[in-house]
1. Yes or no: the stretch 8-17 includes at least one residue that is hydrophobic (A, V, I, L, M, F, W, C) and touching a Ser or Thr at 6+ places or on another chain (Cβ under 9 Å).
2. What's the number of the condition E99 fails, among (1) under 30 Å from K139 (Cβ atoms); (2) not assigned by TED's automatic domain parsing to the domain that holds T144?
3. Just give me the residues in the stretch 17-41 being surrounded by 14 or more Cβ atoms within 10 Å (Cβ to Cβ), in a loop (DSSP other than H, G, I, E, B) and in contact (Cβ under 8 Å) with a residue 12 or more places away in the chain, in sequence order.
4. Specify which of the listed residues (N107, N115) is at pLDDT below 65 and more than 24 Å from Y35 (Cα to Cα).
5. Considering the stretch 21-37 alone, what residues qualify as being in contact with a Leu (Cβ under 9 Å, 6 or more places away or on another chain) and within 17 Å of N52 (Cβ to Cβ)?
6. Given the conditions (1) surrounded by fewer than 17 Cβ atoms within 10 Å (Cβ to Cβ); (2) in contact (Cβ under 8 Å) with a residue 60 or more places away in the chain; (3) in contact with a helix residue (DSSP H, G or I) (Cβ under 9 Å, 6 or more places away or on another chain), report the number of the one that L44 does not fulfil.
7. Restricting to the stretch 36-65, what's the tally of residues that are under 24 Å from V82 (Cα atoms) and among the hydroxyl-bearing types (S, T, Y)?
8. Quick check, is G26 within 20 Å of the chain's Cα centre (by Cα) and on the phi > 0 side of the Ramachandran plot?
Amino acid sequence: MTLGDTLKKLRGKLGLTQREVAKKIGVRQNAYSQYETGDREPSLRILTDIANVYKVSPEVFFAVEFEKEINDRLSLEELCRVLQILIYKSGHLFFILNERLLEYKMNVGIPKRRNITRNEYEEYLETLRDHYSSIEKVKELLKTKIDPQSFEEFIKGNRVLYNVDDMEVTFKDEWTKREHQ
């Protein structure tokens, strides 16, 4: 399920229109519509505001739910699909976290709007760490199902190219600078 699918589903549960949600979070209706279609990436602040409107934890936008538990009984096809979903979701979250980090580094942002708190940011980082942990678990299971050369080729085509630890250190450095200004 994509972020847009999750947004549509939550909005439908509450019986709200896109216009109503957009007004509550302080964006135009066409911007919110683009979040649902995937044509536009909402910022962390917007996602946090949307979560507040829907009365859910922001992590639900990046939750990866599978019909079956990740274990060695999954078929090769199922494991490959799980890995691709995890990489998609973690990539999506990483992109949004990195955007927020750049805003802090460049000292930009929209002052009228509420910024996310340090705790909220750390919750997103924890969600990303959970994704990485699951990715590593799936990779280990895949190693038992395919030969080493095929595994290496598969991983090259489906790898995570970013480091959450580096992001966390950089963000904490930027946050500390702001607190001491």
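1. Initial filter on the stretch 8-17 (hydrophobic (A, V, I, L, M, F, W, C)): 10, 14, 16.
Now drop any that are not touching a Ser or Thr at 6+ places or on another chain (Cβ under 9 Å), which leaves none.
Checking the stretch 8-17: not a single residue is hydrophobic (A, V, I, L, M, F, W, C) and touching a Ser or Thr at 6+ places or on another chain (Cβ under 9 Å).
2. Unmet for E99, out of (1) under 30 Å from K139 (Cβ atoms); (2) not assigned by TED's automatic domain parsing to the domain that holds T144: (2).
3. G26, V27, E41 - these are the residues of the stretch 17-41 that are surrounded by 14 or more Cβ atoms within 10 Å (Cβ to Cβ), in a loop (DSSP other than H, G, I, E, B) and in contact (Cβ under 8 Å) with a residue 12 or more places away in the chain.
4. Result: N107 is the single residue among N107, N115 that is at pLDDT below 65 and more than 24 Å from Y35 (Cα to Cα).
5. Across the stretch 21-37, the qualifying residues are V21, K24, Y32, Y35.
6. If we test L44 against (1) surrounded by fewer than 17 Cβ atoms within 10 Å (Cβ to Cβ); (2) in contact (Cβ under 8 Å) with a residue 60 or more places away in the chain; (3) in contact with a helix residue (DSSP H, G or I) (Cβ under 9 Å, 6 or more places away or on another chain), just (1) comes out false.
7. 2
8. no
The values are calculated or read from the model by the stated rules, or taken from the named source; none is laboratory data. These numbers come from a predicted model, not from an experiment. Counting neighbours? That spans all protein chains shown, and the Cβs are built from the backbone with ideal geometry, glycine included.
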